[in-house]
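The values are calculated or read from the model by the stated rules, or taken from the named source; none is laboratory data. Remember, predicted model here, so these are calculated numbers, not experimental data. Cβ: placed from backbone, ideal geometry, glycine included. Neighbour counts: every protein chain shown. Calculation scope for accessible area: heavy atoms of the full protein, side chains included, ligands and nucleic acids excluded. Shrake-Rupley method; radii C 1.70, N 1.55, O 1.52, S 1.80 Å.
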Amino acid sequence: MQLYHHPFSMDSQKVRLALEERGIDYTSFHVNPITGKNMDSLFFRMNTSAKLPVLQNGAHIIYDTVEIIQYIEQIAIVSSGGGEISSGEVVEWINKIQEWNPKYFTLSHVPDKYRHFVSKFTRRVAIARMAEYPDLASAYHCKLREEYETQDNLRNPEVLRRSGEYLVSLLDEVETKLGETPFLVGEEFTMADVFLVPVLARLELLNLQDEYIHSRPNIAKYKTLFKTWKVLKQELAKFFGLALRSRVHFRKIVLLLVMLLLREGVK
């Protein structure tokens, strides 16, 4: 199984987190869109949207992030000989989080000079590839047009307003939910959390955590819980030599330890 991704791609982070959580082995291929690698002909023939991530398992290729997560869950169930797919509530949260497109929000917080440089480079790559690969010219032209549309939308205050308002509404709903349960859907980490964590990571990357995370105490506590939970899971796995991919009870032990540590004031 091959995953084509980039570390700063939010959807790539979701898929990598899901693969890690379900204990599925895969081969990692970094595709850097900033340097135009997502428009190299070999990758572009496989995926003319040039978007990341892409999961390939033999002849089976999946481009949609939600569909990739569903496929990962199916693979995990078959591999372990049991388990369940995500509940209706988990799926509802997945779709709600995925409905927020971070593209314009993120780009609006990037300094203009960097954004314009990357945009110009992307357009030059698309034009060059059109000439180099005539059979893909129409697909490359679509990417070129998409880049111009992106720049137009970034100058549209209504587009930016809608993106920001949806994010605030989403985080407010998450804040309320996390006041009831330690994770987004109950007592255990689920695929709903897989979709939420990269959103919080993006806000930290943009140095917006004070405005969007720390102002919401339940989300701030959740962020600490997740970080502590990941470290404990890794360290306890080494200590006990347990196979995390098939040990549901182990996740419960880790969660209990995390909750105890948080009560002791872990920073």
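For residue 51, which aspartates and glutamates qualify as cross-link partners when the Cα separation must be under 17 Å and same-chain residues fewer than eight apart are set aside? Within the straight-line limit of under 17 Å, residue 51 reaches these aspartates and glutamates: 11, 40, 64, 67, 99, 146, 147, 149. The accessible area of residue 117, taken with all protein chains in place and a 1.4 Å probe, comes to roughly 150 Å².
Put 46, 39 in order of accessible area, highest first, and with a 1.4 Å probe you get 46, 39.
Cα gyration tensor of region 89-225, axes a ≥ b ≥ c as square roots of the eigenvalues: rounded (a/c below 1.5), prolate (a/b > b/c) or oblate?
Taking the square roots of the gyration eigenvalues as a ≥ b ≥ c, region 89-225 is prolate.
At a probe radius of 1.4 angstrom, the accessible area of region 89-225 per residue rounds to 51 square angstrom.
Leaving out ligands and nucleic acids, and using a 1.4 Å probe, what accessible area per residue does region 2-84 come to in Å²? Intermediate values should be presented prior to the final figure.
Values: 4010 Å² over 83 residues.
Ligands and nucleic acids excluded, the figure is 48 Å² per residue.
Shown for region 32-188: the carbon plus sulfur share of the solvent-accessible area, taken with all protein chains present and a 1.4 angstrom probe, equals 55%.
If you add up the charges near residue 195, with Lys and Arg at +1 and Asp and Glu at -1, over every other residue whose beta carbon is less than 10 angstrom from its beta carbon, what do you get?
My count for the surroundings of residue 195 gives 0.
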